[in-house]
1. Using alpha-carbon positions, what is the distance between the centroids of the range 2-21 and the range 24-56, in Å?
2. Is the range 5-64 rounded, prolate or oblate when judged by the Cα gyration tensor, a ≥ b ≥ c being the square roots of its eigenvalues, rounded requiring a/c under 1.5 and prolate requiring a/b larger than b/c?
3. What ranking of Leu40, Leu105 emerges when the number of other C-beta atoms within 10 Å of each C-beta is taken as an exposure proxy, fewest first?
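Computed from the coordinates by the stated procedures, all read-outs in this text should not be read as laboratory data. Worth saying up front: this structure is predicted, and the values here are computed from it rather than measured. Here the Cβ is made from the backbone with ideal geometry for all residues, glycine too, and neighbour counts use every protein chain on show.
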Amino acid sequence: KYPGFHKSLRYYFHDFGNRTSLHGFQYISDERTTVERLWLSVIFCISFAACVILINDIWIKWEQSPTLINFASQPTPHWKIPFLAVTICAENKINKQKFSFSDHLQKVFNTRNVTSYLKSC
């Protein structure tokens with residue numbers, strides 16, 4: 001026959017108290033007077049509640065203003081951050097008489113309105 005709910009709960013509580021690494025919890029499960037157990041339980045609950053409240057406060061602070069580490073002395077736009085480039089060299093070379101990239105690039109830099117230049121191409 002089963003020992004009953006109260007005895008099982010007491011056994012598991014005592015076993016958990018002897019095996020746990022939670023500081024102070026093992027003293028509650030030891031053979032102590034009722035007043036000592038009550039006092040230790042109150043202290044344990046207050047400490048646990050304080051930890052939960054502090055963790056919650058830190059979580060809310062992080063949600064409102066997360067801390068990011070930045071080593072740059074001035075803000076840099078994302079388009080100025082260098083990124084790895086991949087260059088594919090084709091087997092066939094470009095004929096410079098048909099297309100000169102340098103000439104087109106020079107025209108773009110000399111033209112103040114780039115959009116009008118691109119429309120003319």
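1. After rounding, the separation between the Cα centres reads 17 Å.
2. Since a/c reaches 1.5 and a/b is larger than b/c, the shape of the range 5-64 is classed as prolate.
3. In increasing order of surrounding Cβ atoms, one gets Leu105, Leu40.
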